[in-house]
Each structure stands twice: as C-alpha cells, then as structure tokens.
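Asker: Submitted below is the structure of interest, expressed as structure tokens.
Any read-out appearing in this document is the output of simple, stated calculations on the displayed coordinates, not a laboratory observation. Remember, it's a predicted structure, so these values are computed and weren't measured experimentally. As a convention, Cβ positions derive from the backbone with ideal geometry for all residues, glycine included, and neighbour counts pool all protein chains shown.
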Amino acid sequence: MKTTIYTLLAVAAGGCLGACDSGEYPDPVAYEAEIREWRAGRLERLKGPTGYLNLVGLYWLAAETTTFGSAADNDISLPAAAAPHIGKLQMTPDGIFMTAEEGVDVRHDEQPVDALLLADDTTESPVTIVHGSMVWTIIKRDNRFALRVRDYEHPAIAAFPPIEYYPIDPGLRVTATLHEFAEPRILNVETVIEGLGWKPQSPGTVAFEIGGERFELEAYASGDELFFVFGDQTSGRETYPAGRFLYASWPENGGTTVMDFNRAYNPPCAFNDFATCPVASPQNRLATRIEAGERFDPEVHATPGAH
C-alpha cells in the first residue's frame, strides 16, 4: 500500500508448483484447482473489510474546514447511519485533522477520540476511524485529499452475486520478458475520475506471445511485483470498459516472468463509484481478445446505490 495505492488491489499469487519461471504448467489438474482457489479468495477479499463492496462515499476536500455528518446542513452529508453532526475536518500543513462533536462516539484502535490527525493511506500508518458500522479514512491522490467512507453492514456485501469468469485457459498463462528502460520512467495515466491522474513508475515494457502473435504492455512498479492495467477487444463488451488488473512477479536479472491472464480481474470501480481506479492507457489496449479471467456485466455486478 505504501508503494502505490494500487498495491492494495494485489492478490495472492498462490503456489507455482515449480513453474513460476515458465509459461508452461506441469499439472493441469493442480493448476485448475489453484485458479479456483484464487477465485474464492478473490471474492472473500472483495467482500471483506478492506474490499470495495462496502464503500458508501468518496468526498474530495477543498475547503480549509469541512463539516460532516448525516444532517443536510453539513458540508459533507453522510448516509443516515451516521450521527447528524460528527465534527469537522481541517486542512493543515501536516494533513487532515479531525475534531469530533462532543458526545459523538468515534474511535481509533477501539479507543474513543475527540481530535486526531488522520494520517492518509499513502503514509506508513494510515488512520481508520470507526463510528458504529461506518468507518472512514483519508486518501491522497495526485496531491488531493478525500474522505473515503465504508459501511461494514452495507447490504451490497450479502447481495453480491458470484463473479462470472471465462473458462480457465492454460494457454493464456504466458511467459513474458521485461524490456527495461535505461532509467525508470514516471508515466501519466488517466483514472476513472475526470481530472485526476496517476503517475506510476514504470521500469519498462513486457513482451509476450498469444497465439503466435507478439504483444507488449507497459508495466508499473508495485513493490516486488509488476502491475498491469490492460484492455483488449473484450473491453466494454464482455469485460470492464476501463480495463482489467493483473500482477506478475518481478523478473530477476532481466529474465522472464509469467503473466497469467486467468488471474486478470476487474478494478474496484467496476463495482462501486467510490474508487479511484487507473484506466488502461492507449499503449495497453491489446488488439486481441483475452478470453480469460473475470468478465463483467453492469446489470449484475454494479453495487446497489453506487452507480
């Protein structure tokens, strides 16, 4: 999470059974079982406390002081589960400082607080505030701050249906070679929020083959992994229009890695309007169909009340 905000979206790669350095998988039965286990874990994480089905608000902070609560006379009007007047958020040189109204129960680390600096999600120790079933954090994106609010009792969590997937295709688990730039580059990537950019560091591009045809994707650094936001000719038809996410191990000494498109998954913004997802750049729009990984049907998977 500290490297980039999108590290939060990473998923466990699972055991490679000795095949991490090769696009070939030695045991088809074990491979299918591993992918199905990954899918189950993916759904569990999506429904979990830090998943994206419980988001109920994202409020950008612009004023020096912002009041918030469920009452309509606040600068930020939260869902009805919140107290009418919770307190205020103040911009300071150190970040966002919260002061709670007297008698309002807000907690950090299970302890009541009446005033606290809310370290944002790009810091080493981001602060989470709990208020009944609702929680909030401060996020920082492109030098802007926002209040992100979750409801752990959001009905969308229980109502969310199974994710639809393409059939598992071992042929879309491919070997890729990282072609590093002379120096890492800071790229400018658009997000689903107009005017909000994302500037990831890119070590280079990866090259791989599908069906005998060569393709390349720009890679983004994410800790000890490579992160990809890619689109293909299924995007906007069978998969999410803005693209899908994928992680791969960082190659050692200019070697190869494995890109397993069976683990390609929808970004948080596919399910909720309160996320700040990057979209696939023009360079990362593949001129082929990637019929592997998660599919997307907005009529099925949109979180109620979010779209």
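Asker: Going by amide H atoms built from the backbone, whose H comes under 5 Å of the H on ILE96, apart from near neighbours?
Answerer: Amide H neighbours of ILE96, under 5 Å, 5+ apart: LEU118.
Asker: Would you list which aspartates and glutamates come within 14 Å of LYS199, measuring only between C-alpha atoms, while excluding same-chain residues fewer than 8 positions from it?
Answerer: Those aspartates and glutamates meeting the cut-off are ASP142, GLU190, GLU218.
Asker: Quick one: which residues, 5+ away or cross-chain, put their amide H under 5 Å from the amide H of ARG285? H built at 1.01 Å from N.
Answerer: GLY231
Asker: What is the chain's relative contact order, in percent, from Cα pairs under 8 angstrom and six or more apart in sequence?
Answerer: It comes to 17 percent, rounded to a whole number.
Asker: In whole Hz and in residue order, list the ³J(HN,Hα) couplings for region 222-235 that follow from phi through the Karplus curve 6.51 cos²θ - 1.76 cosθ + 1.60, θ = phi - 60°; x for Gly and Pro.
Answerer: Those phi angles translate into 8, x, 9, 10, 9, 10, 10, 10, 10, x, 7, 7, 8, 4 Hz.
Asker: Could you give the size of the charge dipole of region 55-153 about its Cα centre, using +1 on the Cβ of each K and R and -1 on the Cβ of each D and E, expressed in debye and rounded to the nearest 20?
Answerer: Around 320 debye, computed over region 55-153.
Asker: Now for a different question. Taking the Cα centre of the chain as origin and charging only Cβ (+1 Lys, Arg; -1 Asp, Glu), how large is the dipole, in debye to the nearest 20?
Answerer: Its charge dipole is roughly 340 debye.
Asker: Just grab the label-to-label distance for GLU102 and GLU194, each label 7 Å out from Cα along the Cβ direction, in nm (one decimal).
Answerer: If labels sit at GLU102 and GLU194, their model points lie 4.5 nm apart.
Asker: Roughly what angle does helix 28-47 make with the longest principal axis of the chain, taking Cα atoms, 0 to 90 degrees, to the nearest 10?
Answerer: 10 degrees
Asker: Could you state the number of Å between the C-alpha centres of region 166-229 and region 71-118?
Answerer: 39 Å
Asker: Mind running the shape call on region 55-153? Use the C-alpha gyration tensor, a ≥ b ≥ c as the square roots of the eigenvalues: rounded below 1.5 for a/c, prolate if a/b tops b/c, oblate otherwise.
Answerer: rounded
Asker: In the chain, with Lys and Arg counted as +1 and Asp and Glu as -1 at Cβ, which of these residues, LEU286, LEU118, ALA156, has the Cα nearest the positive end of the dipole, that is, farthest along it?
Answerer: LEU286
Asker: What do you get when you divide the Cα radius of gyration of the chain by 2.2 N^0.38 Å, with N the number of residues?
Answerer: It is 1.07.
Asker: Counting only helical runs of four or more DSSP H residues, what would the 222 nm mean residue ellipticity of the chain come to if each run contributes -39,500 (n - 2.57) and the total is spread over all its residues?
Answerer: After summing the helix terms and dividing by residue count, I get -2500 deg cm²/dmol.
Asker: Another question, if that's okay. For region 159-281, calculate the relative contact order in percent as a whole number, restricting contacts to Cα pairs under 8 Å that are 6 or more residues apart.
Answerer: That works out to 28 percent.
Asker: Using modelled backbone amide H atoms (1.01 Å from N, in-plane), which distant-in-sequence or interchain residues come within less than 5 Å of ALA83's amide H?
Answerer: SER70
Asker: Separation between the ASP224 and ASN143 pseudo-spin-labels, each 7 Å from Cα along Cα→Cβ, expressed in nm?
Answerer: Result for the modelled spin labels: 3.4 nm.
Asker: Which ³J(HN,Hα) values, rounded to whole Hz and listed in residue order, are derived for region 110-119 from phi using the Karplus coefficients 6.51, -1.76 and 1.60 in 6.51 cos²θ - 1.76 cosθ + 1.60 with θ = phi - 60°, glycine and proline given as x?
Answerer: Along region 110-119, the couplings run 6, 10, x, 9, 10, 7, 6, 7, 8, 4 Hz.
Asker: Could you pull out every one of the aspartates and glutamates with an alpha carbon less than 15 Å from that of LYS47, ignoring same-chain neighbours closer than 8 positions?
Answerer: The qualifying aspartates and glutamates are ASP151, GLU153.
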